[in-house]
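Peer 1: Before I ask anything, let me first share the structure, which is written out below as structure tokens.
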Amino acid sequence: MILLTLAGNMLVTVSDWRAYLVVRAYAAGAATMPDVEAAHTFAVAVAVATVPVVPATYVVFLVWLWLVRVNSELWAGPAAHRRARGWVIASWMTPVANLWFPYQVVSDICQASAPRRPALRGPLKAWWALFVAATVVGRTLGGFYGREEITLDVLRSTAAMSTVSMVLELAAGALIILIVHRITGWQNERLTGA
């Protein structure tokens, strides 16, 4: 699911650059109205295809996170976690707390699951920093998409911000895939070893 989300983000960036380049070419007389309409149709198709993937990914990730949290309590106990189990889900949705509680939840699960401690501290910190940065850029990008007046400058800025967002999301995505893989592997080893 994370890979699907990342692929969708790449398509959105491609769509944003395509819109900018086609409108720029149209303004210069090098493209036609059907070219502009085709770019718009592509953008709508990308949006329709990618919008449902993000919430589905969050749901699958939160189910996984809940399950690995329960498993990690079997080995390390609830005291090994800084937050009560309910924060596994609430941490992502609570304003202000969502700036660091999700990191703590994942970090505690990782530490409780790892056969040797400390585990994955660098990748965890890098993932969280990239994820927060991507979220901030994504929120800024949302402001570009919502503008009433769309100019060539707005389209160029949107494409540039979309590229920055995509790069941050790809890096964060690669790290969280590594983290998910490691935690799942550690827990599977413990379960099969038991």
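Peer 1: Among R121, R139, which is loosely packed, with under 15 Cβ neighbours inside 10 Å and under 18 Å from T5 (Cα atoms)?
Peer 2: Selected residue: R139, the only one of R121, R139 that is loosely packed, with under 15 Cβ neighbours inside 10 Å and under 18 Å from T5 (Cα atoms).
Peer 1: Please enumerate the residues belonging to the range 52-111 that are over 17 Å from L175 (Cβ atoms), at pLDDT 95 or above and β-branched (V, I, T).
Peer 2: Correct list: V53, V59, V60, V63, V70, V88, I89, T94.
Peer 1: Related question: I'm checking my understanding of the structure. Among residues of the range 148-174 that are among the β-branched types (V, I, T) and in contact (Cβ under 8 Å) with a residue 12 or more places away in the chain, which one is least open to solvent (accessible area, probe 1.4 Å)?
Peer 2: T158
Peer 1: Separate question: So W87 clears everything in (1) touching a Pro at 6+ places or on another chain (Cβ under 9 Å); (2) open to solvent by less than 30 Å² (accessible area, probe 1.4 Å) except one condition, right? Which one?
Peer 2: Failing condition for W87: (2).
Peer 1: Sort through V46, V54, V63, V12 and tell me the only one that's in contact with a helix residue (DSSP H, G or I) (Cβ under 9 Å, 6 or more places away or on another chain) and within 22 Å of T184 (Cα to Cα).
Peer 2: Checking each option against the conditions leaves just V54.
Peer 1: Restricting the range 90-109 to residues that are closer than 22 Å to P55 by Cβ and small (G, A, S), which is most open to solvent (accessible area, probe 1.4 Å)?
Peer 2: A90
Peer 1: Among the residues in the range 173-185, are any polar (S, T, N, Q), out of contact with any helix residue (DSSP H, G or I) (no Cβ under 6 Å at 6 or more places or on another chain) and part of a helix (DSSP H, G or I)?
Peer 2: yes
Peer 1: Hey, another quick one. Which residues, taken from the range 175-194, are touching a residue at least 40 places away in the same chain (Cβ under 8 Å) and either among the charged types (D, E, K, R) or farther than 15 Å from V106 by Cβ (or both)?
Peer 2: Within the range 175-194, R182, E189, R190, L191 meet the criteria.
Peer 1: If I filter the range 32-50 down to residues being under 12 Å from A7 (Cα atoms) and among the aliphatic types (A, V, I, L, M), which single residue comes out as least open to solvent (accessible area, probe 1.4 Å)?
Peer 2: By that ranking, first place goes to V46.
Peer 1: Scan the range 57-84 for residues that are open to solvent by less than 70 Å² (accessible area, probe 1.4 Å), more than 20 Å from W127 (Cα to Cα) and part of a helix (DSSP H, G or I) and jot them down.
Peer 2: Of everything in the range 57-84, those that are open to solvent by less than 70 Å² (accessible area, probe 1.4 Å), more than 20 Å from W127 (Cα to Cα) and part of a helix (DSSP H, G or I) turn out to be V70, N71, S72, E73, A76, A80.
Peer 1: Now for a different question. Just checking, which of A112, A129, A134 is assigned to a helix (DSSP H, G or I), open to solvent by 40 Å² or more (accessible area, probe 1.4 Å) and of a type outside the set (D, E)?
Peer 2: A129
Peer 1: Ok, one more. Are any residues in the range 1-29 open to solvent by 40 Å² or more (accessible area, probe 1.4 Å) and over 23 Å from the mean Cα position of the chain (by Cα), and if so, which ones?
Peer 2: L21, V23, R24, Y26, A27, A28, G29
Peer 1: Which one is nearest to A114 (Cα to Cα), of the residues in the range 85-94 that are without any contact (Cβ under 8 Å) to a residue 24 or more places away in the chain and in a helix (DSSP H, G or I)?
Peer 2: W87
The values are calculated or read from the model by the stated rules, or taken from the named source; none is laboratory data. Remember, it's a predicted structure, so these values are computed and weren't measured experimentally. As a convention, Cβ positions derive from the backbone with ideal geometry for all residues, glycine included, and neighbour counts pool all protein chains shown. With ligands, DNA and RNA removed, areas are computed over all heavy atoms of the protein, side chains included. Shrake-Rupley method; radii C 1.70, N 1.55, O 1.52, S 1.80 Å.
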